[in-house]
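The values are calculated or read from the model by the stated rules, or taken from the named source; none is laboratory data. Nothing here was measured: the structure is a model prediction, and the numbers come from that model. Positions of Cβ are generated from backbone atoms using ideal geometry, with glycine treated the same way; all protein chains shown enter the neighbour counts. Areas reflect the complete protein model, heavy atoms only, side chains present, ligands, DNA and RNA absent. Shrake-Rupley method; radii C 1.70, N 1.55, O 1.52, S 1.80 Å.
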Amino acid sequence: MSDAVPILNALDLSIAYGKDDAVKNVTLPILEKKITAIIGPSGCGKSTFLRSLNRMNDFIDGVSHRGQILYRGSDLYAENVDPVEARLRIGMVFQKANPFPKSIYRNVAWGPGINKLPGDPNERVETALKQAALWDEVSDRLNDSALNLSGGQQQRLCIARALAMEPEIILMDEPCSALDPVSTARIEDLLFELKKKFTIVIVTHNMQQAARVSDYTAFLENGVLIEYGETDQVFTRPKETRTEEYVTGRFG
Amino acid sequence: MTTNKDLVTSQRLRQRQAKATFFKYFCIAVTGSAVLILGILLYQIISDGYRWVDWQFMTSYPSRFPEKAGILSAFVGTLWLVSLTALLAIPTGVLAAIYLEEYAPKNRWTQLIEVNIANLAGVPSIVFGILGLALFVRFMGLNRSVIAGAMTMSLLILPVIIIAAKEAIRAIPNSLRQAAFALGATRWQVVRAHVLPAALPGILTGIILALSRAIGETAPLIMIGALTYVAFLPESPMDEFTALPIQIFNWTARPQETFHELAAGGIIVLLGVLLLMNALAVYIRYRGSKS
């Protein structure tokens, strides 16, 4: 494992809905410019964990946490941290594509616009759409409604929208679960390109996907981190029997 | 050709189908009788009053000679009343709905507030009239002015606007808000750029229906003492006024038959205004659902 300082670091993190812990004492580093996959059966707390990394859990009533998440060594949940600032640096792509009911252009340009990011907005939109491998398909109809795009295109638009903010980290919550295999393959190809510039954390219940795209893999079960390591090792020489049973498809 | 025996309707299925058919015709009958009653009502009013609705009727002040009487002051009074009511009730109602849906924590207090708003929507309008009389007319010393009437009407329709706007805002999927928040938007930016535009058709429909109610209400106006005979037009919110329902009420209370026909004429004008406003609501909803 690398010695680099993790860009995000969960330390003994527990997250509870009301009284029930959905995530239990998880310690997990997220390394810069790598893809970290979080796998595990449904309801194991992987999405809850992911949403805590850019404070999206703040919007859910009754969620509390213990332990820490460090962003470059400083507490992400400290009193003086504005969650809006955190979300500027840590973007997110959701399970179901959720484009705004506006034009393709406005979907990408809105985030940079409200945050008054510098530079030419048109250029920014073009760059983001190219990074998301969508430019060739939509360049001639940027003013069309985003809702007229196919499901796979919509999800790539959501990725472009996140990229336009030039975040350091992109969190992806099962981004391909509603897509067909062709669209899924396109997004996986995209991830290889993106990790040159961005840190990516991807939650998936598709083990082949985790094995294909990620550098590091964390296996969660019932909120507990069972195993974390380089993807190769987790899939070929898992240390824990539960991990082995899961990645070989014996349960889950 | 032979028929497969399994496909022939069985005894039990036939009974179920009979029930289904009965229910369908029952619904048609109920709807039909409601429409029929409405139709008879409309026919009577229109046949009584249509002769009176003309330019002279629209541009004359009330008079004790039926052939000279008109609804000018009542019509203009209603326009004043509705405009001021809209000015007061729309911002207050919509902002309250935004607060309750987007900002307020979900706790016992807000639950209590929401239950009370729902209850207020069911309070008889005369009660709002009494409140208006005590609070605006007497205590605040606004007398029988348009503004006192508009403030009373605002109280009356506020719960309706809040509830309609809340429903419209609540119907916006959370995924839209989350998408915006994940881009580093503040709550106000999310509301302003995404929630309000998406909820606007629903909010507007609620507003127009609430204002339609304000146009037709009579009891609170009688309570706060809107005049029944006005031979001038209000020139400021502090002026005295009358309104269409009051004028209609006044005419129907007279013994002479001709004034009853005038009242029918007034009702036709009032219904026309209501129909226009409802058509506007339908149009807005239609346009909203298309985009």
Candidates B:A264, B:A214, B:A279, B:A226, filtered to the one that is in the same structural domain as B:L200 (by TED's automatic domain parsing), in contact with a helix residue (DSSP H, G or I) (Cβ under 9 Å, 6 or more places away or on another chain), open to solvent by less than 60 Å² (accessible area, probe 1.4 Å) and farther than 22 Å from B:R144 by Cα: B:A264
- request: Check segment B:195-202 and report whether any residue there is open to solvent by less than 10 Å² (accessible area, probe 1.4 Å) and either in the same structural domain as B:G225 (by TED's automatic domain parsing) or over 16 Å from the mean Cα position of the chain (by Cα) (or both).
  value: yes
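Counting only residues that are assigned to a helix (DSSP H, G or I) and either among the hydrophobic types (A, V, I, L, M, F, W, C) or under 25 Å from B:A198 (Cα atoms) (or both), how many does segment B:112-131 have?
The initial filter retains those residues of segment B:112-131 that are assigned to a helix (DSSP H, G or I), namely B:112-120, B:125-131.
Next cut, either among the hydrophobic types (A, V, I, L, M, F, W, C) or under 25 Å from B:A198 (Cα atoms) (or both) only: B:112-115, B:117-118, B:120, B:126-128, B:130-131.
Summing the residues that are assigned to a helix (DSSP H, G or I) and either among the hydrophobic types (A, V, I, L, M, F, W, C) or under 25 Å from B:A198 (Cα atoms) (or both) in segment B:112-131 gives 12.
Identify, from the list B:I147, B:I130, the residue that is β-branched (V, I, T), away from chain A (no Cβ under 14 Å), surrounded by fewer than 17 Cβ atoms within 10 Å (Cβ to Cβ) and in contact (Cβ under 8 Å) with a residue 12 or more places away in the chain. Working first, answer last.
Values: B:I147 fails: surrounded by fewer than 17 Cβ atoms within 10 Å (Cβ to Cβ).
Residue meeting the stated conditions: B:I130.
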- request: Considering only segment A:20-44, state which residues are open to solvent by 10 Å² or more (accessible area, probe 1.4 Å) and either of a type in the set (S, T, N, Q) or in contact with a Leu (Cβ under 7 Å, 6 or more places away or on another chain) (or both).
  value: A:N25, A:T27, A:S42
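Out of the helices (runs of 4 or more DSSP H) lying entirely within segment A:164-252, which hold 2 or more residues that are in contact with a helix residue (DSSP H, G or I) (Cβ under 9 Å, 6 or more places away or on another chain) and of a type in the set (V, I, T)? Can you show your working first?
Numbers: elements: A:181-194, A:207-213, A:231-236, A:241-247.
By residue number, A:181-194, A:231-236, A:241-247.
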- prompt: For B:S145, are the conditions met, namely being farther than 15 Å from A:F100 by Cα, touching a strand residue (DSSP E or B) at 6+ places or on another chain (Cβ under 8 Å) and assigned by TED's automatic domain parsing to the domain that holds B:G132?
  reply: yes
- line: Given (1) at pLDDT 90 or above; (2) over 24 Å from A:N54 (Cβ atoms), A:V182 misses just (1)
query: Looking only at residues in segment B:180-194 that are within 34 Å of the chain's Cα centre (by Cα) and β-branched (V, I, T), which one is nearest to the other protein chains (Cβ to nearest Cβ)?
result: B:V190
- prompt: Which condition number does A:S74 fail, the rest of (1) under 15 Å from the mean Cα position of the chain (by Cα); (2) more than 14 Å from chain B (Cβ to nearest Cβ) being met?
  reply: (1)
- prompt: Restricting attention to segment B:205-230, which residues are aliphatic (A, V, I, L, M) and under 8 Å from the mean Cα position of the chain (by Cα)?
  reply: B:I207, B:I208, B:L209, B:A210, B:L211, B:A214, B:I215
- prompt: Of the residues B:A148, B:A180, B:A134, B:A164, which is in a helix (DSSP H, G or I) and within 20 Å of B:I208 (Cβ to Cβ)?
  reply: B:A164
- request: For residues that are open to solvent by 10 Å² or more (accessible area, probe 1.4 Å) and not aliphatic (A, V, I, L, M), scanning just segment B:159-179, find the one that is nearest to the other protein chains (Cβ to nearest Cβ).
  value: B:S175
- prompt: In this structure, is A:Y105 outside any loop (DSSP other than H, G, I, E, B) and free of Cβ contacts under 8 Å to residues at least 60 places away in the same chain?
  reply: yes
task: Identify, by number, the condition in (1) in a helix (DSSP H, G or I); (2) assigned by TED's automatic domain parsing to the domain that holds B:P237; (3) closer than 29 Å to B:A150 by Cα that B:I45 doesn't meet.
output: (2)
query: Can you tell me which residues in segment A:212-241 are over 16 Å from the mean Cα position of the chain (by Cα) and among the small types (G, A, S)?
result: A:G223, A:G229
message: Against the definition (at pLDDT 85 or above and out of contact with any Ser or Thr (no Cβ under 9 Å at 6 or more places or on another chain)), how does B:T218 come out, yes or no?
response: no
message: For the list (1) touching a residue at least 60 places away in the same chain (Cβ under 8 Å); (2) under 27 Å from B:P220 (Cα atoms); (3) more than 23 Å from the chain's Cα centre (by Cα), I need the number of the one condition that B:T59 fails.
response: (1)
query: Can B:L156 be described as open to solvent by less than 30 Å² (accessible area, probe 1.4 Å) and not in a helix (DSSP H, G or I)?
result: no
- request: Looking for whichever is part of a loop (DSSP other than H, G, I, E, B), open to solvent by less than 10 Å² (accessible area, probe 1.4 Å) and at pLDDT below 95 here; the options are A:N54, A:N80. Which one fits?
  value: A:N54
- prompt: For segment A:85-103, does any single residue satisfy the condition of being among the basic types (K, R), more than 9 Å from chain B (Cβ to nearest Cβ) and open to solvent by 40 Å² or more (accessible area, probe 1.4 Å)?
  reply: no
statement: Here the residues within segment A:104-138 that are away from every other protein chain (no Cβ under 14 Å), open to solvent by 10 Å² or more (accessible area, probe 1.4 Å) and touching a Lys or Arg at 6+ places or on another chain (Cβ under 9 Å) are A:Q131, A:A133, A:D136, A:E137
task: Restricting attention to segment B:258-291, report how many residues are farther than 30 Å from A:S145 by Cβ and touching a residue at least 12 places away in the same chain (Cβ under 8 Å).
output: 17
